[in-house]
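The structure appears right after this line, and notes come after that.
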Amino acid sequence: MHSAPPGHDRSLPYIRAVGRALPAHYATQEQLIAALREVWATRHFNLDRLEELHRNVQVKGRYLALPVDAYPGLATFQQRNDAWIRESTLLGEQVVRQALERAELTARDVDHVFFVTVTGIATPSVEARLANLLRFREDFKRTPIFGLGCVAGAAGLARAADYLRAFPSHTALLVSVELCSLTLQREDLSIPNIIASGLFGDGAACAVLSGAEVPGAKGPRVVASRSVFYPDTERIMGWDVVDSGFKVILSAKVPQLVKDHVRRNVEDFLVEQGLRRSDIRHWVAHTGGPRVLQAFEEALELESSALSRSWASLQEVGNLSSSSVLFVLGETLEQAGARPGDWGLMLAMGPGFCAEMVLLRW
């Protein structure tokens, strides 16, 4: 018996819809610089240099969990995390309701919820709180995942798809809520923190996936995924957990890691699926920052338009950590004009340091 060619395996799960939500509070990059300038000035640093770093990330503005003037009152980890739990639950409920409506499903149809975040902690975790608000069935399964950071949007989608290969009559949600503004260490004037304070924003996304045996399921199918771990790179990206919360680790080596590894990683993965880079029509890349997107383009020899949705998302809302690649995926589903048979590749990188690739077929 011959195996089905890539993309034609009838056991492949579907991505039915992707919902996206942003908090109600918005600030332009200039407004955020003005709000931080007063703190920076007390430390006698070169303010012009710090402002230049902020502007270099090419983010026009960001949506925030709280009004700008509420952040100075968050002095302790508990205050930041309490705000994170409250606002994550509200935003998570909003995005799940939106995604289920787009998929023409209800909360009672959900068999498993995967919840990813790196910006706050809660026990019980947020998907349990959402269950009380949305009234999931009492037998729904829960998989909260903390610590994958920016890679978790792609990795979470891959793990949900793995689950649905085993349970093809089930429907799963991948819920991502990232409130990066609540992790900001205002008094930390290190270059990584200054860049992070200019780059990261707040948002939430929810992908609805159904197994191959769910009646009426449609959308691009998850054909395969691959994880790549780079040894001895744990100080490239992540958190140091300090008394005031999460202190960012963000190395300037990230773009070089992309240039050194991504082409080979992508080509090895695609060859295993009988494909080449030229077969990919839709690139769904995490919005890591200008230098990271440029490194993707250079390493993969992409045309300038290939990552246009990633560039637009970065400029409009900033890097939303794990939610970002799901924002780009949602916009791809709605705007790309994909045709049956088109191939797509999701690509994200994050703490570990690691990469995740997810192959899609319309």
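The values are calculated or read from the model by the stated rules, or taken from the named source; none is laboratory data. What you see is a predicted model, and the numbers here were worked out from it, not measured in a lab. Heads up, the Cβs are rebuilt from the backbone with ideal geometry, glycines too, and the neighbour counts pull from every protein chain shown.
A compact table of results
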{"quantity": "Filtered residues of segment 189-205 (kept if crowded, with 24+ Cβ neighbours inside 10 Å and farther than 27 Å from F115 by Cβ)", "calculated": "G198"}
{"quantity": "Single residue of L333, L293, L326, L314 found to be out of contact with any Ser or Thr (no Cβ under 8 Å at 6 or more places or on another chain) and not assigned by TED's automatic domain parsing to the domain that holds A196", "calculated": "L333"}
{"quantity": "Residue selected from segment 98-115 under the condition farther than 19 Å from F327 by Cβ and of a type in the set (D, E), by the criterion surrounded by the fewest Cβ atoms within 10 Å (Cβ to Cβ)", "calculated": "E104"}
{"quantity": "Only listed residue being part of a strand (DSSP E or B) and either modelled with pLDDT of 95 or more or among the basic types (K, R) (or both), chosen from L275, L209, L270, L302", "calculated": "L209"}
{"quantity": "Strands (runs of 3 or more DSSP E) completely within segment 1-110 that count 3 or more residues being touching a helix residue (DSSP H, G or I) at 6+ places or on another chain (Cβ under 6 Å) and modelled with pLDDT of 95 or more", "calculated": "14-21"}
{"quantity": "Check on V242, of a type outside the set (K, R), outside the structural domain of G274 (by TED's automatic domain parsing) and either over 30 Å from E104 (Cα atoms) or buried (at least 23 other Cβ atoms within 10 Å of the Cβ) (or both)", "calculated": "no"}
{"quantity": "Residue that is assigned to a strand (DSSP E or B) and buried (at least 24 other Cβ atoms within 10 Å of the Cβ), where the choices are L130, L164, L174, L157", "calculated": "L174"}
{"quantity": "Members of segment 304-362 found to be under 16 Å from L148 (Cβ atoms) and either without any contact (Cβ under 8 Å) to a residue 12 or more places away in the chain or hydrophobic (A, V, I, L, M, F, W, C) (or both), listed by number", "calculated": "L320, V325, L326, M346, L347, A348, M349, F353, C354, A355, M357, V358"}
{"quantity": "Scope segment 210-246; condition touching a Lys or Arg at 6+ places or on another chain (Cβ under 9 Å) and farther than 30 Å from L333 by Cα; matching residues", "calculated": "T233, I236, W239, D240, V241, S244, G245, F246"}
{"quantity": "Any pair with Cβ under 7 angstrom, 6 or more apart, that starts in segment 214-240 at a residue that is free of Cβ contacts under 8 Å to residues at least 24 places away in the same chain and ends at one that is in a strand (DSSP E or B)", "calculated": "R235/I249; D240/K247; D240/I249"}
{"quantity": "Residue match in segment 340-359 (condition: out of contact with any Lys or Arg (no Cβ under 8 Å at 6 or more places or on another chain) and in a helix (DSSP H, G or I))", "calculated": "no"}
{"quantity": "Any hit, segment 223-237, residues being farther than 27 Å from H261 by Cβ and modelled with pLDDT of 95 or more", "calculated": "no"}
{"quantity": "Yes/no for R186 being in the same structural domain as G61 (by TED's automatic domain parsing), out of contact with any Cys (no Cβ under 9 Å at 6 or more places or on another chain) and surrounded by 15 or more Cβ atoms within 10 Å (Cβ to Cβ)", "calculated": "yes"}
{"quantity": "Every residue from segment 141-166 that is closer than 17 Å to L345 by Cβ and β-branched (V, I, T)", "calculated": "V151"}
{"quantity": "Residue ID - modelled with the highest pLDDT, chosen from residues in segment 146-196 that are out of contact with any strand residue (DSSP E or B) (no Cβ under 7 Å at 6 or more places or on another chain) and of a type in the set (D, E)", "calculated": "D162"}
